[in-house]
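S.K.: Before anything else, here's the structure in question.
Where a number appears in this text, it was derived from the coordinates with a stated rule and is not lab data. The model shown is predicted, which means the values in this text are computed figures rather than measured ones. Positions of Cβ are generated from backbone atoms using ideal geometry, with glycine treated the same way; all protein chains shown enter the neighbour counts.
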Ligand code: NAD
């Protein structure tokens, strides 16, 4: 990044899984990391771990579906650090009811609010500062479910992840000329706590064959390390043992 001094990253969903691993990898690369999520205790644990390893981190409790709260968090980071160089949108959920037959609108609304609107709110919240900096990178954690349609993730999750991919590409169409870039990370199965929301939780053996959170953490740090002239629109990542899911783009 062009900023020769402090580099500030804001990671949502930073209390666990991919967000936590991303925060750790970024801190190890010298970034000052602000982790956000709903559970303050989990965030404090991540901050303590990073600080213990000599990194710089702090926590802001936040529900990404609360637009006013998102804007306030961005203001708080800018007031303290003066810039936001990187936003990682990793906050996300799925719901247990996953077929057209039993899908409830309540579950649909919740997924759209968190997985899609939450991403949009955070992107919009950092946009003025990034435009002013003429530099900034956004990494949106979508999914292979944003590329393909299959039964297991369900229609609502799949729709939100397809939309995040489109949102990322359309951001680049408008904002790359201003020196900004966004990248969609589209992983296959990752062994994180989100798997507990599945109707059938994969066994330990199955989880060991999946991508691990640190694989995604390293990918996040890699994308963030690229010079501003490089825009990576999307990175598709599959586990070698993909349990039969088709994960190559058509
Ligand atoms: P995770 O459950 O460990 O992480 C999700 C985080 O988001 C949690 O810390 C949770 O507290 C936080 N969160 C949920 N709702 C929130 C809200 N309203 N506001 C703020 N934070 C909120 O699971 P993960 O696998 O690390 O998920 C991270 C992202 O990766 C998600 O967007 C998920 O859809 C995506 N993803 C996961 C997999 C997988 O197989 N694990 C695969 C592809 C994509």
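S.K.: Suppose each label sits 7 Å from its Cα in the direction of the beta carbon; what would the residue 152-residue 178 distance come out to in nanometres?
M.R.: 3.8
S.K.: While we're on this one: How far is helix 155-175 tilted, in degrees, relative to the longest principal axis of the Cα atoms in the chain, given as a value from 0 to 90 rounded to the nearest 10?
M.R.: 30
S.K.: Quick check on the exposure proxy: order 222, 171 from fewest to most C-beta atoms within 10 angstrom. The partial results should precede the final answer.
M.R.: On the way: 222 13, 171 20.
The most exposed by this proxy come first: 222, 171.
S.K.: In nm, to one decimal, how far is the residue 237 label point from the residue 75 one, both placed 7 Å along Cα→Cβ?
M.R.: That separation, rounded to one decimal, is 3.4 nm.
S.K.: Please order 200, 95, 46 by the number of other Cβ within 10 Å, starting at the fewest.
M.R.: Details: 200 8, 95 16, 46 24.
Fewest-to-most ranking of 200, 95, 46: 200, 95, 46.
S.K.: Using only alpha carbon pairs under 8 Å that are at least six residues apart, calculate the relative contact order of the chain and give it in whole percent. Provide the component values of the computation, followed by the final result.
M.R.: On the way: 488 pairs, mean separation 52.9, N = 250.
Reported relative contact order: 21 percent.
S.K.: Helix 40-52 against the longest principal axis of the chain: what's the angle in degrees, Cα atoms only, rounded to the nearest 10?
M.R.: So the inclination is approximately 60 degrees.
S.K.: Let me ask something additional. Roughly how far apart, in whole Å, are the Cα centres of the range 69-128 and the range 206-222?
M.R.: Between the Cα centre of the range 69-128 and that of the range 206-222, the gap is 21 Å.
S.K.: Can you put 181, 147, 229, 38 in order, fewest other beta carbons within 10 Å first?
M.R.: On the way: 181 24, 147 21, 229 8, 38 17.
The fewest-first ordering by Cβ neighbours comes to 229, 38, 147, 181.
S.K.: A follow-up question, please. What do you get for the angle between helix 17-28 and the principal long axis of the chain? Use alpha-carbon atoms, 0 to 90 degrees, nearest ten.
M.R.: 30
S.K.: Please report the Cα spread of the chain along all three principal axes, rounded to whole Å, starting with the longest.
M.R.: Largest first, the chain extends 50, 40, 34 Å along its Cα principal axes.
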